[in-house]
Every structure is written in structure tokens, then in C-alpha cells.
Amino acid sequence: MSSIELDHVSKLYASGAYGVRDVDLTIGDGEFVIFLGPSGCGKSTTLRMIAGLESITSGDLRIGGRSVTHVPPRERNIAVVFQSYALYPHMSVRENMGFGLKMRGTPRAVIEEKIRDAAQLLGLAPYLDRKPAALSGGQRQRVALGRAIVRDPVAFLLDEPLSNLDAQLRAEMRLELVKLHRRLGRTIVHVTHDQVEAMTMGDRICIMRDGRMIQVGKPLEVYADPVDTFVARFLATPPMNLIPARLEGEGDGLVVKADGIAVPVPEMHRAAYAPAAGREVILGLRPEDLHETAEPGFARIEVTVVAMEALGVENILVGQIGWDKPVEIAARLSRHYTAPIGARVPLYVDARPMHLFDPETTRALPRPRLAPGGGGVILPASPAAPAASLPRAASTLPGASALARS
Amino acid sequence: MLRRVALHSGLLLACAVILLPLLWVVRVSLLPEPLSYSTDLMPGATLDNYVALFTTTRYGQSYLNSLIVAVGSVIVALPFAAMTGYAFARFKTSGRFGRFAVLATQMLPPVAIVLPVFTLFRIAGLTNSLTGLVIVYAALNLPFLIWILMGFFEGIPVDLEWAAQTDGATAWGAFWRIVLPVSLPGIAAAGVLGFILTWNEFLFALVLSGPQTATVPVALASLQTSNGVQIAKVSAGVVLAVLPLVIASRFIQRFIVQGLTFGSVK
């Protein structure tokens, strides 16, 4: 049993500033959870509080049902992999991996066996007698993981362990970590500011900002239904296009009008957005929902091409809409699409996954949730059902009610 | 090519400026006393000055005293310096004021405290004793060593200690098993610098020591007699006095460089 419960946990510094504020989250036994957020958002501090390396100012922390708020790190049986790997430079790989077991008085033969097993698992067997300085970045990273694995901890806490690796090695290690999680079945909390890691590795993403956990959910759910403009922009590259607009009624329908564009609201969202008719809104469109070819139901807009980024697999068009207050938007188009800089070109908006945000609060206006894949609509269930399916933190978040209602 | 010649000429000149006095001292130490002011390059060569230094003066005893006092004061001061430096580096121990207060003791001219120290030591019966000198040098070197080691500890990532603590070590265990071994170069550098400071110190040794406990600088000063300075003998003494510093610096050079730069390069 290795669940981790953060019960309204806060970290208040002597200066009066909050490092972490009222985080309320339950991480299930064997779950792979990602803490995602920009630098200084409190994600590493939260991780260190779980490890016992930072004191908790208020709230309670339970691991496996036992309160460990005032328990020192050595008695929590948690393993941490640091961004710097924190390998002991004066010890060999073997000594690094065996240090934790030695501290716990494990017999030498058992230590040797566990080191051998972990080294085999991670491909470190040839390097056991080397010092960390004689290893490459990827090897050091694996030693740090091995040091954690041999101890057989109740949970692994990973503090941006991939951020010092090059892009290719990072992609490989991402996959390795996911496989390792499947094989070990232990709870993993992984801190990162990399959206790709967040989207591909975890069972759930917890997005943090200014010390608060602002949205918790499955990666695709969070991607499809961000609670506010911050999450909407943070979770992808290029980020969601946010266009200041006005929601107006036209006959039976609704149209989002901005400087130079008019996007009819699809029928599936009309009822949800109807109360906001006549108000200023922010229209949120993902770059992949802008297309170069028309299909039934798509809305036509015109953009002035500012830049074309050819990524090989696709082309990113950066364009400008509007004249009085021009807004730059990005569109993911096919790799065959080209357009000269400065040209005026049409794009076609698939408005089904659209979002509207309140410009004052920046929070999403509630609407039915799309099924993963963008096809059908998940109909509102009984009020209790979605709330129960949400993690505790999400259900207590200000924006969670919007999700729950949908 | 011309640039390289100019550069090397400049370097040779700089080396000459630094090394010539030392080479002159070595030369004089090998000349008979009557020829010590000769203008010839090497009018003779003898080891008589070295022999005389050990047979007709207490230089050998002073040499041993200096070694005992310098090594002893470093051994006494280093553990305190390491613990205080670590506390300053890792925690908010006494804040900026504490750090400044430690440094402030170095700002007093030694002559201002030598007489109070003499008075206290006389009451405590520590004058004319090596123990007294070890204590006073340990105290004098402590602020300097604390600052050197503080910089060194600040350069050691706190992640290492956190990793040790999550691996099952106590805070003390993390310091003892991880921080201390990792900082050995810094501690060695601090130790050598403390040794050099003590080895060269003159004022306190002059006031607090007696004939039996005089250190090398005091012994060298005593070679100035009513008949004048015995320059050849003094030179031999200087050559021997410089010897341990040269050996120590040679072996611990890289530690000194690393120790002095570790804290600033992150």
C-alpha cells in the first residue's frame, strides 16, 4: 500500500510568501502522476515535502495511510531521483547504488544481489566499478534510478530527471521510465515542465501555478478541457490560440465574432454557451483545429501569413487576424502546405473542440466535454457521478465545478 | 612569431623578478660567511652554514616547534572551521551578522590583541609553551578557515545531502559520509593555507614564546647579533624555512586552486 495523500498541504516561508498553497490530492497506489508547471510554481517544493526534505507548514501528509508530516526522510522509505542526479562523486556506481541499503543495515550479500539485479535491469553491469565522473549523462541518470530501485521504496519521486539529457536520449528514457513503472508497479510522482513528458508518461497530470494545483486529470482530458487560459496555453506547443472576441446571437444560433473573423458556435455547445450571449469572451482554438481545406461545418477565416515553420512531419503557419487589434495565431497544417509570407490565405476552423473563456477570470465557460478523439459529446451525467470520478483535488478546485457540471 | 617572442620575454622577466631574490638567498646560503657579500657569481660553495645553524644555534629545535605549532593549530582549528563553515553555508545560522562578526576579528591589527593575549596567557601559564601557541594560532586562523570552507560547502549541491537523507542517513550522517569526503580537497586547501599562515607568523611567536619554544621566524630574527646580521646563516635558515611550504604547495597545488575556486564556480 503506497498511496500518497496530501491533505490541504501548504508551505509558508518566513518572508510570508507561499511556496505551496492548500494542495489537496490523493495519489493512488501504483499510480504514475505528473506535477507540471512553469519554473517556481511549487512543483519541486511539493515533491520535497512528500520526501520530507521540506517542512510542511500546515496540512497533513499520509503515505500508505500513515501520517508522515513530522517523520524524517529516512523513515519514509521514499526514493528521490534529482535533476542533478546527486550521485555521490567519491563513490563507485556500486557504492552509490548500495548506499541506501547499507544505511539500513542490509546484509552485504543481499546488497550485492540487489545491485546486480538493478544493474542488469538498467544495463549498468559493465560500469559498476566506475566513478560517476567517468559516466555519460544517460548512464548517470540510470545510476540515479538504480540507486532508487535497489531500495525497493514505497514510491519514487522524480524531480525533472530527464531535463539534463539531449532530445533523443530524453525520448528513450521517457519510454524506459514508463516501462519501469509497469514492471515495478510502484507509485511514481514525476515533476517536469516538459509538456511532452506530461502528456505521454503519466496516468494523471497535476498542473500547478503560483503554488496552487489548478487542474488535475488524465492527460487527454486536461488537454481537451483546460480549466483556464493558463492551462490551455501551457499544455501544448504551439499553445492554444486565444482570440479576444464577442459572443453574439444570430437567429437560433450563436456566433463568436472577433476583429476579422466570425466563427459559428456548433450546435452541441449552443445550450451551454447561450447564457454568455452578448458578452465579451476569449475564443480558444487549438492549432490542429485550423485546416487548409474546407469540410462541412467548418468556418472560413482569413489570415495574413507571418511565418511558416516546416517541421518535416507538418508545417506550422503563424498568421495574423484582424486589423485594428491584430492577433497572431498558429495552425498545424500538412507538410505539403506552403504559402508566401505576407499572403492572405483562407483557413477553415473546426469549431467542435472550441473553448470560450471569461476574459475577467480567464476561466473556461462550462460546456459539454468532448469524448477523447474529438468525436462525440459526453453528455452531462448525474451531478454526483463526474465529481466522484474526478480526483479529490480537482473536485475542490474553483474550476472543477465547471468540469463536474459538464 | 614576434608576438610569441615578446610574450615569452615578458614571462621570463616576470619569473626573474620573482625568482632572483630567492636564488640569491640560496646562493648566499651556500657561501662562506666572509664571502657572502662578494659580487662574484659563485666564489665558493659550502654547507657550513647549514651545519652551523643546527650546531651553534637552536634552529633545529625552533624548526620542530614550528612544525608542531603549525600542524597542531590546523588540527585543532579545522574541525571547528568545518562545522561552522558548514552551518553558515547551509543554514541561516546567525545570519549576515554572524558571518561579518567572524570576519571582523580579522580586521583588528594583531598588535592590538597581542598584549591582552599575553596577559591572559601569563595568568593561565600558557606563555613560553607550545600549547599556548597552538591555541592562539588555532584561534587566529579560525575565521580565515571558516570563510574558505564556507565558500567550499556552498559549492557542494544540497541535492547530495538530500539524496543521502532519503537514502536513510541522518543529517549528521549525510555530513559525515557525503559532505566531508566530497569536501576533502577544500579542507586540505584550507589546512595548507592555515599551515602557511602559522608557519610565517612572527609577532605572537615573539611575544608568547621563550628560548625553548621559539618558532622559525623568531629563530631567524635572533640571528641578528651585536656583531651584525649573519647573512649566510640567515640565508640557510630562510632556505630551510621555505622548504616545507614549497613541498606542501607542490603536492596540494591543485587542491588549493580547486578549493579557492570551487565556491565561485557553480
From the options A:ALA155, A:ALA133, A:ALA245, residue that is surrounded by 21 or more Cβ atoms within 10 Å (Cβ to Cβ), over 26 Å from A:SER10 (Cβ atoms) and over 11 Å from the mean Cα position of the chain (by Cα)
A:ALA245
Just a yes or no: is a residue in region A:193-201 in contact (Cβ under 8 Å) with a residue 24 or more places away in the chain, over 29 Å from A:ILE149 (Cβ atoms) and of a type outside the set (A, V, I, L, M)?
no
Positions within region B:27-54 being within 28 Å of the chain's Cα centre (by Cα) and exposed (fewer than 14 other Cβ atoms within 10 Å of the Cβ), in sequence order:
B:LEU47, B:VAL51
Among the candidates B:ALA232, B:ALA190, which residue alone is touching an Asp or Glu at 6+ places or on another chain (Cβ under 6 Å), more than 16 Å from B:GLN61 (Cα to Cα) and buried (at least 21 other Cβ atoms within 10 Å of the Cβ)?
B:ALA232
List the pairs whose first member sits in region A:1-15 and is at positive phi, whose second member is outside any loop (DSSP other than H, G, I, E, B) and among the charged types (D, E, K, R), and whose Cβ atoms are under 9 Å apart, counting only residues at least 6 apart or on separate chains?
A:HIS8/A:ASP22; A:HIS8/A:ASP24; A:HIS8/A:ASP60
Can you say whether A:GLY65 is under 30 Å from A:THR200 (Cα atoms), free of Cβ contacts under 8 Å to residues at least 12 places away in the same chain and in the same structural domain as A:LEU162 (by TED's automatic domain parsing), as far as the supplied structure shows?
no
Quick one: which of A:GLY251, A:GLY211 is on the phi > 0 side of the Ramachandran plot and in contact with a strand residue (DSSP E or B) (Cβ under 7 Å, 6 or more places away or on another chain)?
A:GLY211
Of all residues in region A:71-88 being at the interface with chain B (Cβ under 7 Å from one of its Cβ atoms) and part of a loop (DSSP other than H, G, I, E, B), the one that is surrounded by the most Cβ atoms within 10 Å (Cβ to Cβ)
A:ALA86
Restricting the first residue to region B:70-95 and requiring it to be in contact (Cβ under 8 Å) with a residue 60 or more places away in the chain, which pairs with a second residue that is surrounded by fewer than 20 Cβ atoms within 10 Å (Cβ to Cβ) meet a Cβ separation below 6 Å and a spacing of at least six or different chains?
B:PHE88/B:ARG99; B:ALA89/B:GLU154
Test A:SER44 against the criterion of being in the same structural domain as A:VAL196 (by TED's automatic domain parsing), over 24 Å from the mean Cα position of the chain (by Cα), hydroxyl-bearing (Ser, Thr, Tyr) and more than 18 Å from A:VAL154 (Cβ to Cβ), and give yes or no.
no
Which of the residues that make up region B:70-112 are buried (at least 16 other Cβ atoms within 10 Å of the Cβ) and closer than 23 Å to B:LEU133 by Cβ?
B:ALA70, B:VAL71, B:GLY72, B:SER73, B:VAL74, B:VAL76, B:ALA77, B:LEU78, B:ALA81, B:ALA82, B:THR84, B:VAL102
I'd like the residue in region A:161-192 that is buried (at least 19 other Cβ atoms within 10 Å of the Cβ) and at pLDDT 90 or above and, out of all such residues, is nearest to A:LEU121 (Cα to Cα).
A:HIS181
Where in region A:1-64 are there strands (runs of 3 or more DSSP E), lying wholly inside it, with at least 1 residues that are surrounded by fewer than 19 Cβ atoms within 10 Å (Cβ to Cβ)?
A:4-12, A:18-27, A:58-63
Being in contact with a helix residue (DSSP H, G or I) (Cβ under 8 Å, 6 or more places away or on another chain), of a type in the set (Gly, Ala, Ser) and at negative phi is the filter here; which residues of region A:106-133 pass it?
A:ALA118, A:ALA119, A:ALA125
Wholly enclosed helices (runs of 4 or more DSSP H) of region B:146-257 bearing at least 2 residues away from chain A (no Cβ under 14 Å) and over 25 Å from A:VAL143 (Cβ atoms)
B:184-200, B:203-208, B:216-221
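The values are calculated or read from the model by the stated rules, or taken from the named source; none is laboratory data. The structure displayed is predicted, hence computed values, not measured ones. Reconstructed Cβ throughout: ideal geometry from the backbone, glycine too, with neighbour counts over all protein chains shown.
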